[in-house]
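Asks: Mind looking over this structure? Questions follow.
The values are calculated or read from the model by the stated rules, or taken from the named source; none is laboratory data. Bear in mind that the values here come from a model prediction, so they are computed numbers and not experimental data. All Cβ positions, glycine included, derive from the backbone under ideal geometry; neighbour counts span all protein chains shown.
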Amino acid sequence: MNKTSKIYVAGHRGMVGSAIVRRLQADKFNNIVVRTHAELDLTNQQAVNHFFEKECPDQVYLAAAKVGGIHANDTYPAEFIYENLMIEANIIHAAWKNSVKKLLFLGSSCIYPKFAEQPMRECALLCGYLESTNEPYAIAKIAGIKLCESYNRQYGVDYRSVMPTNLYGPGDNYHPENSHVIPALIRRFHEAKVSTKSEVVIWGTGQPKREFLYVDDMAAASIHIMNLDKEIYGSHTYPMQSHINVGYGDDITIRDLAETIAVTVGYEGSIVFDTTKPDGTLRKLMDSNRLNMLGWKPLIDLETGLKNAYKDFIRHGNTLRME
């Protein structure tokens, strides 16, 4: 793609979408199209069709989604499956109708079975039961993969899917109930520091392990994958082969993560693990060997990423990301 190609980034205000926009701008792409939710409701098929007919983008990054942590997924399952299905179906179909040849759909590691062999390879998709708390969201993301596969097979387009591990960084959501683990812990340790609380209680034993990828690394991976030649990328038109994992390549226990965030924030009190509370899945690590072999590896280590994330929280998260 040349630097003047028109690129539509759906979800540009979200953490991943905003990172993709930043990276595209840094790479001197100067024809980026975005719309806020107020300007374009992506669950409205007619509105989405009209937008594509008018703008006719050359590429699409589909980063728009309804997202949230365990509490949000468990509380609003109907909203999570409906809104995500509508968004991806409307955009992918409108892209095809308006001759968009290249599209990148962003999924989630929750597409893989709850007890998938670790690290999780792309071929683990649909080989077991999903985690029940976010099953509706996962089903919607699996449908997005299958939409890309199906349009590739029937219409000869080039629609690819990326499955990121747990992401964090600038633009994250720090809501006390609806956020993911890193932003939630950043907020809790910061508030504990400010209020001089003597201890912070964390659910579980602290032994489960999780993998985390800095969001700007995810943006770089997305653009790298989008721009790979079709012959290099592989046989993405066939079932089980249109998606590719994007991970950091290593994981960390929740205990070690909490201790690292406490140091980053400057909290000096005690960290207490409530072992009467559930741990959840013991390990979730992505196998990113396929992507590594295609020439991409992450650049931002966890300690550096957490420092950047905390700076972002101080600048914006404490007041602007509570919606």
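Asks: Does Leu294 satisfy the criteria of being among the aliphatic types (A, V, I, L, M) and either surrounded by 15 or more Cβ atoms within 10 Å (Cβ to Cβ) or farther than 19 Å from Ala124 by Cβ (or both)?
Replies: yes
Asks: Here's something else I'd like to know. Do any helices (runs of 4 or more DSSP H) entirely within region 1-79 hold 1 or more residues that are over 22 Å from His316 (Cα atoms) and of a type outside the set (A, V, I, L, M), and if so, which? Please lay out each step first, then the result.
Replies: Details: elements: 15-26, 45-55, 70-75.
Ranges flagged: 45-55, 70-75.
Asks: Now a separate question. When the residues of region 129-145 are filtered to those that are touching a Lys or Arg at 6+ places or on another chain (Cβ under 7 Å) and farther than 22 Å from Met86 by Cβ, which remaining residue is modelled with the lowest pLDDT?
Replies: Glu131
Asks: Scan Tyr8, Tyr76 and give me the residue that is under 18 Å from the mean Cα position of the chain (by Cα), within 26 Å of Ile139 (Cα to Cα) and either surrounded by fewer than 15 Cβ atoms within 10 Å (Cβ to Cβ) or among the aromatic types (Phe, Trp, Tyr) (or both).
Replies: Numbers: Tyr76 fails: under 18 Å from the mean Cα position of the chain (by Cα).
That would be Tyr8, the only listed residue that is under 18 Å from the mean Cα position of the chain (by Cα), within 26 Å of Ile139 (Cα to Cα) and either surrounded by fewer than 15 Cβ atoms within 10 Å (Cβ to Cβ) or among the aromatic types (Phe, Trp, Tyr) (or both).
Asks: Output the qualifying pairs, or none if there are none: Cβ atoms under 7 angstrom, residues six or more apart or on different chains, first residue in region 35-49 and closer than 18 Å to Lys97 by Cβ, second residue outside any helix (DSSP H, G or I) and not hydrophobic (A, V, I, L, M, F, W, C).
Replies: Listed by first residue and then by second, the contacts come to Ala47/Asp41.
Asks: Something else about it: State the number of residues belonging to region 269-289 that are in contact (Cβ under 8 Å) with a residue 60 or more places away in the chain, part of a loop (DSSP other than H, G, I, E, B) and not small (Gly, Ala, Ser).
Replies: Counting residues in region 269-289 that are in contact (Cβ under 8 Å) with a residue 60 or more places away in the chain, part of a loop (DSSP other than H, G, I, E, B) and not small (Gly, Ala, Ser) gives 8.
Asks: Continuing with this model, one more query. From Cys123, Cys148, which residue is part of a helix (DSSP H, G or I), farther than 22 Å from Ile81 by Cα and in contact (Cβ under 8 Å) with a residue 60 or more places away in the chain?
Replies: Cys123
Asks: Within region 120-142, how many residues turn out to be within 20 Å of the chain's Cα centre (by Cα) and surrounded by fewer than 16 Cβ atoms within 10 Å (Cβ to Cβ)?
Replies: Step one: of region 120-142, the residues within 20 Å of the chain's Cα centre (by Cα) are 120-126, 130-142.
Keeping just the survivors that are surrounded by fewer than 16 Cβ atoms within 10 Å (Cβ to Cβ) gives 123, 126, 132.
Of the residues in that region, 3 qualify.
Asks: In region 86-119, what residues are closer than 26 Å to Asp250 by Cβ and either of a type in the set (Ser, Thr, Tyr) or over 16 Å from the mean Cα position of the chain (by Cα) (or both)?
Replies: Ser108, Ser109, Tyr112, Pro113, Lys114, Phe115, Ala116, Glu117, Gln118, Pro119
Asks: If I go through region 82-120 residue by residue, how many of them are of a type outside the set (Asp, Glu) and within 28 Å of Cys56 (Cα to Cα)?
Replies: Qualifying residue count for the region: 25.
Asks: Just need a number here: residues in region 66-101 that are closer than 23 Å to Ala19 by Cα and modelled with pLDDT under 95.
Replies: 5
Asks: In the list Gly280, Gly266, Gly305, which residue meets the criterion of being more than 19 Å from the chain's Cα centre (by Cα) and modelled with pLDDT of 95 or more?
Replies: Step by step, each of Gly280, Gly266, Gly305 is checked, and only Gly266 is more than 19 Å from the chain's Cα centre (by Cα) and modelled with pLDDT of 95 or more.
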